[in-house]
Amino acid sequence: MDINKAYQQFALLRSLILKTNSAFKLQDLIQEALEKSCEILNLLSGSISLWEPKTKEPSFRVAFGSDEHKKFLEELEKNLLNQVWKGYQLQNLYLNVEREAVPLPETLSLFSYPIKAEKEIIGAISGISSGPRNLSLEEEFIEAVGNQLGIALQKVGGFPVKVTGVSEKELREKVKSAELSSVMATAVTLNHEINNTLMALLGNAQLLLMQKKLDPEVVEKLKIIEQSASKIQELTALLSDIEEPVFKEYAGGIKMLDLEKSKFKDRKKK
């Protein structure tokens, strides 16, 4: 997974959880979840819909995207998705569809993921993206967003059903999994992209230190290079063994790993 996308997914889930556990406006929360999910997944349009449990008629809907793609997604929901969700207990739906457009027809990828009240489906998160695409690869993220919205609906109250697919404990586990995936993707990239360069830097510094009659000031600077390169190698190796990441706030509200508090496999941070 792309590192930036993994971090964006984690940041959105974290934001939704924090807002759900404080004072929040439901519609604002749903709108944020939809808009940012569309941006992260690079969707042309997305929607979140809820319907009455008995009649299955839509009672709430919010959409995001260009007017033409929002209209097309709404047509798909009315003519296809609503009928499918009413008649079948599907766990998810992924399709490639063709839309009439000028100058040429447009191929789109469609997904629809249910919002559940225990075992009953009472809503859906749906979206379309450009071209044929395997959106099922994003299922864990879509599921986590849907479940957190379900918990938010439950806390607000005033809805006819209990809208939740998993417990808060289970959702926290999903967020932890997303955090770990993001960190591991970063660690793999660092090991791959940085270590080869570090080996060359470290090797050359050590070869130079083996030479005789070097100026003491040069020797001192080479030793600093050697020590710094070794430290970077240790840190990239440490990231590969992270088991439970803990984050702290950096400048400008940006989050960074807290290496003192994070837990690592089979070793202690030095």
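The values are calculated or read from the model by the stated rules, or taken from the named source; none is laboratory data. None of these values were measured; they are calculated from a predicted model. No Cβ is skipped: glycine too gets one built from the backbone with ideal geometry, and neighbour counts run over all protein chains shown.
Checked against (1) closer than 21 Å to L149 by Cβ; (2) more than 19 Å from the chain's Cα centre (by Cα); (3) assigned to a helix (DSSP H, G or I), Q91 meets all criteria but (3).
Scanning segment 15-29 for residues that are surrounded by fewer than 20 Cβ atoms within 10 Å (Cβ to Cβ) and assigned to a helix (DSSP H, G or I) yields S15, I17, L18, K19, L26, Q27, D28, L29. Residue pairs whose Cβ atoms lie under 6 Å apart, sitting 6 or more positions apart in sequence or on different chains, and linking a residue in segment 33-50 that is hydroxyl-bearing (S, T, Y) to a partner that is in a loop (DSSP other than H, G, I, E, B), do not occur here. If you go through segment 227-243 and pick out every residue that is over 17 Å from N196 (Cβ atoms) and touching a helix residue (DSSP H, G or I) at 6+ places or on another chain (Cβ under 7 Å), you end up with 1. Count of segment 119-138 residues, restricted to those that are at pLDDT below 70 and surrounded by fewer than 17 Cβ atoms within 10 Å (Cβ to Cβ), is 5. A residue that is over 15 Å from G146 (Cβ atoms), among the hydrophobic types (A, V, I, L, M, F, W, C) and outside any strand (DSSP E or B) occurs nowhere in segment 32-43.
When I40 is tested against (1) modelled with pLDDT under 80; (2) buried (at least 17 other Cβ atoms within 10 Å of the Cβ); (3) out of contact with any strand residue (DSSP E or B) (no Cβ under 8 Å at 6 or more places or on another chain), exactly one condition is not met: (1).
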